[in-house]
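A.B. asks: The following block contains the structure, expressed as structure tokens.
The values are calculated or read from the model by the stated rules, or taken from the named source; none is laboratory data. Keep in mind the model is a prediction, meaning the values are calculated, not measured. Here the Cβ is made from the backbone with ideal geometry for all residues, glycine too, and neighbour counts use every protein chain on show. Heavy atoms of the whole protein, side chains included, go into the accessibility calculation; ligands, DNA and RNA do not. Shrake-Rupley method; radii C 1.70, N 1.55, O 1.52, S 1.80 Å.
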Amino acid sequence: MLLLVGAQPAVAVAGAPAVDGPVGEAGAAETASATIAVDTVLSLTPEQPGSVGVVQTFDTPDEVTELRVTLDSRSTVTAAEGFSNLEGDTWEWDGETAEPRLRYELAVNRTSDRAGPMASGGSYLYTDVGEWALIQQPNVGFEWRTTGSVSVERTTRVDGAGAVGGATAFLGPHEEYTREVAGQEIRLIVPDDADLADPPERILDGLGNASRELNVGDRDATVFAVAAPTGRVDWAVQGVQVGDTDFWAQANRPIDAVGSTWLHEYVHTRQSFRTSESGRWITEATATWYAALLSHQQEGVGFAALSEYLERGTRSPQAGSVLADPSDWANNAHYWKGALVSGELDRRLRLATDGGATLQRVLASLNDHSTVTNGDVLAAVAEAGTPSTRDAAERLTTTSDAPDVWDREAHRDAFGGDAALLRVGFDPATDLRATDPYRNATTPAPVTLAAGERLSVRTVVENLGGATGEYVVTLRVDDAAVAAANGTLAPDGRTAVSLVHRFTETGRYTATVAGERFTVTVRQPASPSVTDLTVEPATVEPGGEVTVTATVTNDESVPGNATVAFTRDGETVTTRTVSVGPDGRETVTATIELSEAGQRSVGAGGQAVAVRVASPSETSAPGFGAPAAVAAIAGALGLRRLRSSR
């Protein structure tokens, strides 16, 4: 029994959907008793930009008697263990090596000269620049002969820094951000070289809103999105969606732009159908429409901007194109006229069903088809709406007729009133304070705290929309919510919200608020010490007082408390406790009484100074300083001894 398995992910360029992901394991029975495990390891080859290293190891069960592997034609094999070249790019297993292995270099640069709404003026769809690479995973075909039922299990990983999705991979240093929404995990990969237009959490907010809003069928468990760096690569398009769940968007594309690239590509991940020629328009049309609608409803794009965006579908020559006939398209009609027609059908469906059905119901129906024709689109519109909506759909897709853009009032009637649009403002350079028990001071990110300190985060919430809305502001530490505040804001409302969390354990944490991430390092409190001591005056009468001033210094990057003991002749008289900030110094003072004459010692923090306590006659003698007074006393004592000996 000879079985063939293909693995050829198709690419959807400039917003087009993936036709298919890796082909399923052909002929593998559900009750397969054995598994061919294929482990693929990718690595950068900085000395050869444009190529990545690939090592593929095959764990072959006893049931497999023959195995052939056909590599991508852009592969150059550098080592083979247990394989010999059969012909061209096909390699044959020797039947004996338990874990045969192929090592090869894969040329990964992919280019395109596409033009259109999503074009970006460059040529690259995927590339390796040496220090990092954004690539499609290797295409590999398998043939095997087996004595029993066998399945194939594939794993792909990166040797070093990197992340892999279902069909793409990023190799190089990066940060990964995740969001769980409606049972779907969104993985956002942000390369170190990427200069994002918006914070990662803001992008995840937008993608999460899209995931939650689009109810067009089952959601894939995971979506893999990469922010493509723009500094060194001339990308051919603003974004690419490939496979079932993977896409990239240029890092400098904002999430809140009308028709956002991020939203456009995400919509494609929710389209699970192929199309015939007549149905081909629906793919880009609905992605463009929903990217525009979601940017209006969720991301703050005003109706005027939405209307202007849709107006492109009314202009010549695209307006006169027949959507169901791709050969008649002009100036990317499937994007511009297609988006306008999709919006018009969405509006008509909502009005005809009193809001009971939307264009999402049509997409959900199409997702149950393997191949969609324009007839399928019309049938789905008829099922969701009324005969009149179906007639409008037929006229707008099979003739050169184009609808006008509806006005604000018509939009409100169909899609509802203006929505609330809540924005949370936060600046990690100015809106963080360290408080209690050591200080109350601004501390810009990255933050260093002493264990036991509280971090206070100040945010400002604004409602930029046209309706009252509820807000929730959350402070997360290592993805766990540690503080939150909620409330409502009327249109144009603005309020300050503070969140506080005490860090009790030392360690390194990642804090997140309002889409911004910053590092918090917590260390043991510092142990400041006395570094300087002054005492005034240097001489007093019995019963007099001296003022002792201690300078307490902290040379560490965290604050700390110091309890300073003030002493008299080595005995503690009083104490003072002082908090000293990072790399700071403070002074503390105490007054100490000296009642007995003689040379006394006063001090603080382990340091001491001698003070002379003299009688009033000694301290008032003309011309006497302290040394003269001491000499006079000594002379008087000697005279007394002399007289008593006579």
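Residue-by-condition table, conditions (1) over 30 Å from R74 (Cα atoms); (2) acidic (D, E); (3) surrounded by fewer than 22 Cβ atoms within 10 Å (Cβ to Cβ):
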site: Q137; (1), (2), (3): no, no, no
site: V158; (1), (2), (3): no, no, yes
site: V164; (1), (2), (3): no, no, yes
site: P173; (1), (2), (3): no, no, yes
site: N209; (1), (2), (3): yes, no, yes
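A.B. asks: So if I check each of T521, T551, T563, which one is over 41 Å from the mean Cα position of the chain (by Cα) and open to solvent by less than 60 Å² (accessible area, probe 1.4 Å)? Give the derivation first.
C.D. replies: Numbers: T521 fails: over 41 Å from the mean Cα position of the chain (by Cα); T563 fails: open to solvent by less than 60 Å² (accessible area, probe 1.4 Å).
Answer to the check: T551.
A.B. asks: Moving on. What are the residue pairs meeting all of these: first residue in segment 436-465, first residue under 27 Å from R494 (Cα atoms), second residue aromatic (F, W, Y) and assigned to a loop (DSSP other than H, G, I, E, B), Cβ atoms under 6 Å, and 6 or more apart or on different chains?
C.D. replies: Pairs found: T459/F426.
A.B. asks: The conditions are (1) open to solvent by 40 Å² or more (accessible area, probe 1.4 Å); (2) more than 24 Å from A339 (Cβ to Cβ), and R219 fails exactly one of them. Which is it?
C.D. replies: (2)
A.B. asks: Do we have T245 as of a type in the set (S, T, N, Q) and crowded, with 24+ Cβ neighbours inside 10 Å here?
C.D. replies: yes
A.B. asks: Also, quick follow-up: Among the numbered criteria (1) among the charged types (D, E, K, R); (2) surrounded by 17 or more Cβ atoms within 10 Å (Cβ to Cβ); (3) farther than 30 Å from T468 by Cβ, which single criterion is violated by E536?
C.D. replies: In the conditions (1) among the charged types (D, E, K, R); (2) surrounded by 17 or more Cβ atoms within 10 Å (Cβ to Cβ); (3) farther than 30 Å from T468 by Cβ, E536 misses (2) alone.
A.B. asks: Something else: Could you check R576 against (1) of a type outside the set (A, V, I, L, M, F, W, C); (2) open to solvent by 30 Å² or more (accessible area, probe 1.4 Å); (3) in contact (Cβ under 8 Å) with a residue 40 or more places away in the chain and say which number it fails?
C.D. replies: With (1) of a type outside the set (A, V, I, L, M, F, W, C); (2) open to solvent by 30 Å² or more (accessible area, probe 1.4 Å); (3) in contact (Cβ under 8 Å) with a residue 40 or more places away in the chain applied to R576, the lone miss is (3).
A.B. asks: Something else now. Scan segment 277-312 for residues that are in contact with a Gly (Cβ under 9 Å, 6 or more places away or on another chain) and among the hydroxyl-bearing types (S, T, Y) and jot them down.
C.D. replies: S278, T283, T286, T288, S295, Y309, listed by residue number.
A.B. asks: Let me spell it out: the conditions are (1) outside any helix (DSSP H, G or I); (2) charged (D, E, K, R); (3) touching a residue at least 40 places away in the same chain (Cβ under 8 Å), and D413 meets all of them except one. Which number is the exception?
C.D. replies: (1)
A.B. asks: Further question on the same structure: So how many residues does segment 73-115 have that are within 17 Å of T57 (Cβ to Cβ) and either of a type outside the set (S, T, N, Q) or open to solvent by 30 Å² or more (accessible area, probe 1.4 Å) (or both)?
C.D. replies: Pass one, segment 73-115, residues within 17 Å of T57 (Cβ to Cβ): 75, 77-84, 91-106.
Next, only the ones that are either of a type outside the set (S, T, N, Q) or open to solvent by 30 Å² or more (accessible area, probe 1.4 Å) (or both) stay: 77-84, 91-106.
Count: 24.
A.B. asks: Give me the residue from segment 416-456 that is polar (S, T, N, Q) and part of a strand (DSSP E or B) and, out of that set, surrounded by the fewest Cβ atoms within 10 Å (Cβ to Cβ).
C.D. replies: Restricting to residues being polar (S, T, N, Q) and part of a strand (DSSP E or B), the top hit is N440.
A.B. asks: Could you go through segment 327-349 and let me know if any residue there is exposed (fewer than 15 other Cβ atoms within 10 Å of the Cβ), assigned to a helix (DSSP H, G or I) and at pLDDT 95 or above.
C.D. replies: Yes, some residue in segment 327-349 is exposed (fewer than 15 other Cβ atoms within 10 Å of the Cβ), assigned to a helix (DSSP H, G or I) and at pLDDT 95 or above.
A.B. asks: For segment 248-286, give me each residue that is open to solvent by less than 10 Å² (accessible area, probe 1.4 Å), over 21 Å from A379 (Cβ atoms) and among the hydrophobic types (A, V, I, L, M, F, W, C).
C.D. replies: Within segment 248-286, W248, A249, A251, I255, W262, L263, V267 qualify.
A.B. asks: Any residue that is part of a loop (DSSP other than H, G, I, E, B) and more than 19 Å from V108 (Cβ to Cβ) - is there at least one of those in segment 129-137? Steps first, answer last, please.
C.D. replies: Taking segment 129-137 first, the residues part of a loop (DSSP other than H, G, I, E, B) are 129-132, 137.
Pick out the ones that are also more than 19 Å from V108 (Cβ to Cβ) and you get none.
The answer is no, given that none of the residues of segment 129-137 is part of a loop (DSSP other than H, G, I, E, B) and more than 19 Å from V108 (Cβ to Cβ).
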